[in-house]
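Input: a single structure, listed below in structure tokens.
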Amino acid sequence: MTKTLTKTLRIKSQPEYNAVERGLCNYIKVVSDKLQSLKQTDENCTGPTVKDYTERIKAAKSLLKQLRDY
């Protein structure tokens, strides 16, 4: 069972799938927590760091959606 999500990521087994899914979920949680903390300290919620974290979350959620759609 080989599933290709992107040009560089291949999932060959259920344990690999589980590890990738768990890793993406953890990554989204950590980055979301950092973004929330940043928003609490930055009243304007602007700047490159906030945008960077938002883009990272969006990209990770997109990868997670691709993973779950297979």
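The values are calculated or read from the model by the stated rules, or taken from the named source; none is laboratory data. Only a predicted model underlies this, so the values are computations on that prediction, with no experimental measurement involved.
Any idea how many residues of the stretch 12-29 are under 14 Å from S62 (Cα atoms) and among the polar types (S, T, N, Q)? Qualifying residue count for the region: 0.
The set of residues in the stretch 8-56 being at pLDDT below 85 and of a type in the set (D, E) consists of D42, E43.
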